[in-house]
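Take a look at the structure set out below.
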Amino acid sequence: MQYTLFDLDSPIFNKLYLFKNSTNLGSIYQTINWSSLIELLPKKKTMAGAPSWLPAQGYFGLMFLKHYTKLSDEKLLERFNTDWSMQMFCGVLLTDNEFIKDNSFVSKVRNYLSQHVDFDVFQSKMIKNWKEELPEKNVMLADATCYEVYIRFPTDAKILWECCEWLWNKKIPQFCRAHKLKEPRSKFQEQKKKHLVYCKLRKKTHRKTQARKRAYLHLLSKGINEFQSILNQTKAEGLSHKEASVFKTIKQVYQQQNHYFNHPKSKIKHRIVSLHKPYIRPIVRGKENKPVEFGIKVHKVQVGGINLIEHASYEAFNECKRLKISVLKHKNNFGECTHLSTDKIYATNENRRFCTQNDIQTNFVRKGAGKDDKPTKKIKELLNKQRSTSLEGSFGTEKEHYLLHKIKAQNPATERVWLFFGIHTANAVKIASRREKAQKGLRQAA
């Protein structure tokens, strides 16, 4: 059986020393207070069942490794089985003839954490561990960004056809075979050929798109009625909870798309853009190269170079409304906030009054006539530079180097796990780098 860390009398003490003092993973390992994280998991009440491959800290360690290495779940498990430093990061050391063969092991760990860990508490414990070594704790930078999820780019025609396929190609034939019913007639095969021709068009004109949507809506309407009739006849025997949820989503898609087809200028509230991820919403960001993004909108604050998630939602929200709450959370975690740097959208009259009442120096552009004095102007320039380089730069770093470019988890709970570990892995690497530089400076000074 695997060994657990960290007994000084253990025969693996030499490996432990090398791990902590000669590897990058060892440096990152020492930035995390594992005992505080273990408290977040429920204790096992009985000894029933097979022993876990990992101790409690290993569940967190595996997720940090996932985002640090940027490997797929299968590749991460393959690497974990053969890399003793990664095993030590998770608090174990497998024997020579031991391998974890379950390819879904990493996914199961992620799902377990999503069910049992309060990630707001997780974040507070991470902050508490690093709080004392953060510089300029009185300065808060704030901004919002969108972390996209891994879905195909949605269009009205695509989602309508996906609904038609789910009904006519999967569920209706399946239920008719299972209950020995006559399969209803439809023009699904004919529409399938036309759909393939439409998909291959280099230029999809508005007229052709409208014609396809009209045909899809007609086919979908018939499919919903026929499938509902089959469910009534069979009393929904064999329909799983997940399938019932998808069918409910299809009905909502039809209502939304039919209304939008007949009233093109209307706005659809809570618009569904993905059949199997109906909670995803279009987030209008207004960027030149990507005006709309599909994922989690996150309001982040940065203190001392460390990023924290202040608020995350699949619905679009106005981040300027979060400024007061952000300042209060900063006070609870780090003490008084004396300097604040944000985007122009935050500079509302309400926020200006709040900052003036609390003696917070901001980078907001002065209103009315007159100019800032030289010291104030210099402070605002520094705050603007810090936000545009440190905070906005960290968005790109997390997306490109810590698996947050596209979140590939399968449901809202595991996507939240993916988001938090991606951001805090980047924080842990930054803290480890700072400690290494500080130690190097002390050695040179000595």
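The values are calculated or read from the model by the stated rules, or taken from the named source; none is laboratory data. Fair warning: this is a prediction, and the values are worked out from it, not measured in the lab. Don't worry about glycine lacking a Cβ; one is built from the backbone with ideal geometry, like all the others, and counts go over all protein chains shown. Just the protein is used for accessible areas: all its heavy atoms, side chains included, with ligands, DNA and RNA removed. Shrake-Rupley method; radii C 1.70, N 1.55, O 1.52, S 1.80 Å.
Keeping all protein chains in place and using 1.4 angstrom, which order do R152, R177, R207, R214 fall into by accessible surface area, from largest down?
Putting R152, R177, R207, R214 in descending order of accessible area: R207, R177, R214, R152.
Among Y314, Y150, Y112, the sequence by solvent-accessible area, most first, with a 1.4 Å probe is Y150, Y112, Y314. Taking only the alpha carbons of region 175-263, we obtain Rg and Dmax values of 15.5, 45 Å in that order. Expressed as a fraction of 2.2 N^0.38 Å, the C-alpha radius of gyration for region 298-429 is 1.16.
Using the alpha-carbon positions of the chain, Rg (one decimal) and Dmax (whole number) come out as 26.9, 87 Å. Mind jotting down the distance between the C-alpha centroids of region 160-187 and region 57-135, whole Å? Cα centroid of region 57-135 versus Cα centroid of region 160-187: 42 Å apart. Structural size metrics of region 49-106, computed from C-alpha coordinates, are Rg and Dmax of 10.5, 32 Å. Taking K101, K180, K408 in turn, the Gaussian network model of the chain (Cα-Cα springs below 10 Å) assigns the largest fluctuation to K180. What angle, in degrees between 0 and 90 and rounded to the nearest 10, separates the Cα long axis of helix 56-69 from the longest principal axis of the Cα atoms of the chain? That works out to roughly 80 degrees. When the Gaussian network model of the chain links Cα atoms closer than 10 Å, the mean-square fluctuations of L181, L404, L113 top out at L181.
To the nearest 10 degrees, how steep is helix 119-130 against the longest Cα principal axis of the chain, on a 0 to 90 scale? Roughly 20 degrees between the two axes. Under 26 Å of direct C-alpha separation, and excluding same-chain neighbours fewer than eight residues apart, K180 reaches these lysines: K170, K171, K192, K222, K235, K242, K248, K251. For region 219-295, evaluate the Debye formula with one uniform point scatterer on each Cα (no solvent term) and list log10 I(q)/I(0) at q = 0.16 Å⁻¹, rounded to two decimals. Listed by q, the Debye log ratios stand at -0.73. Treating each Cα of region 219-361 as an identical point scatterer and summing with the Debye formula, the log10 of I(q)/I(0) at q = 0.10, 0.11, 0.14, 0.19 Å⁻¹ comes to -0.58, -0.65, -0.83, -1.16. Ranking of E381, E243, E415 by solvent-accessible surface, largest first: E381, E243, E415 (1.4 Å probe, protein heavy atoms only, all chains present).
At each listed q (0.15, 0.22, 0.25, 0.33 Å⁻¹), what is the log10 of I(q)/I(0) that the Debye formula gives for region 332-372 modelled as equal alpha-carbon point scatterers? The computed values of log10 I(q)/I(0) come out as -0.39, -0.78, -0.96, -1.27. Close lysine pairs were tallied over region 334-445: pairs 8 or more places apart or on different chains with Cα atoms under 24 Å apart number 23.
Taken about its Cα centre, the chain carries a charge dipole of roughly 2620 debye when the Cβ of each Lys and Arg holds +1 and the Cβ of each Asp and Glu holds -1.
A straight line joining the Cα centroids of region 288-310 and region 421-446 runs 24 Å. Estimated at the nearest 10 Å², the accessible area of H263 is 100 Å² with a 1.4 Å probe. Placing +1 on the Cβ of each Lys and Arg and -1 on the Cβ of each Asp and Glu in the chain, which of N129, I159, N111 has its Cα farthest towards the positive end of the resulting dipole? The listed residue farthest towards the positive side: I159.
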